[in-house]
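Before any comments, here is the structure.
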Amino acid sequence: LKMEMKSPTTKNVNKFIERLQKLQEWRINAPATIDEIPVHRLEQFIEEATALDSSDMKDLKQNKRYALAATMLHFKFAAGLDDIATVTIRWMRKMRHEAKLALDAYALSKKAEVDNLVSILHRVLLASNTRGTSSKRLQAIHNSFPENKEDTIEQCERYLSYSGDNYLPFMIKLY
């Protein structure tokens, strides 16, 4: 119980979780709870339990020994949960950073495609300003479109799925 658990890393997270599950099982099956103990006493028990070795623990009265062990058990479990939460947050931040980098690389790789789409939009807007009848303007707009409109629509939809700094599609790949 007093053995220090190594902080969870990518390589040892499974062992860490197994250890946490064992602590949880012990905590559930422990005959004592710490709910009624004031916080300042819990802190004192933790310090005392940490300082004592097994032979010193055997010299204590049974109730005191159980109180120290139960407190240590709860403390170790809570500390382990904090550690695993910290690692999870760190992993999520790293994934978010990598996803943002992937989005930036994607945007840079699509620059020529975006330039082409803006050029098409520019031609359509200029054609919509054509003087004359509505049918003449409509014909000018129609003539400003590229031959394969479906490809252009697909390019627009693909680009829009990443617009507004939407890095989430890149995070899925990192799971």
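Taking a Cβ cut-off of under 15 Å around Leu42, the surrounding Lys, Arg, Asp and Glu residues balance to a net charge of -1, with basic ones at +1 and acidic ones at -1.
The P(r) of segment 51-105 has a tail past 13 Å containing 71 percent of all C-alpha pairs. Could you tell me how far the Cα centroid of segment 57-92 sits from the Cα centroid of segment 125-164, in Å? Rounded to whole Å, the Cα centres lie 65 Å apart.
Accessible area per residue for the chain, computed on protein heavy atoms with a 1.4 Å probe, is 74 Å². Taking the Cα atoms of segment 59-175, the ratio Rg/Rh between the radius of gyration and the Kirkwood radius comes to 1.51.
Dimensions of segment 1-141 along the principal axes, based on C-alpha atoms and rounded to the nearest Å, stand at 102, 32, 24, largest first. Note on Lys15: lysines with a C-alpha under 20 Å away, same-chain residues under 8 apart excluded, are Lys2, Lys6, Lys76.
Excluding same-chain neighbours fewer than eight residues apart, the lysines reachable from Lys149 by a Cα-Cα span under 25 Å are Lys110, Lys111, Lys136.
Lys and Arg at +1, Asp and Glu at -1: add these up for the other residues within a Cβ distance under 12 Å of Asp104 and post the number. Counting the neighbours of Asp104, the net charge comes to +1. Surface composition of segment 76-170: carbon and sulfur atoms hold 58% of the protein heavy-atom accessible area at a 1.4 Å probe. Computed on segment 49-168, with alpha-carbon pairs under 8 angstrom and 6+ residues apart, the relative contact order is 24 percent.
The values are calculated or read from the model by the stated rules, or taken from the named source; none is laboratory data. Every value quoted in this text rests on a predicted model; they were computed, and no experiment measured them. All Cβ positions, glycine included, derive from the backbone under ideal geometry; neighbour counts span all protein chains shown. Calculation scope for accessible area: heavy atoms of the full protein, side chains included, ligands and nucleic acids excluded. Shrake-Rupley method; radii C 1.70, N 1.55, O 1.52, S 1.80 Å.
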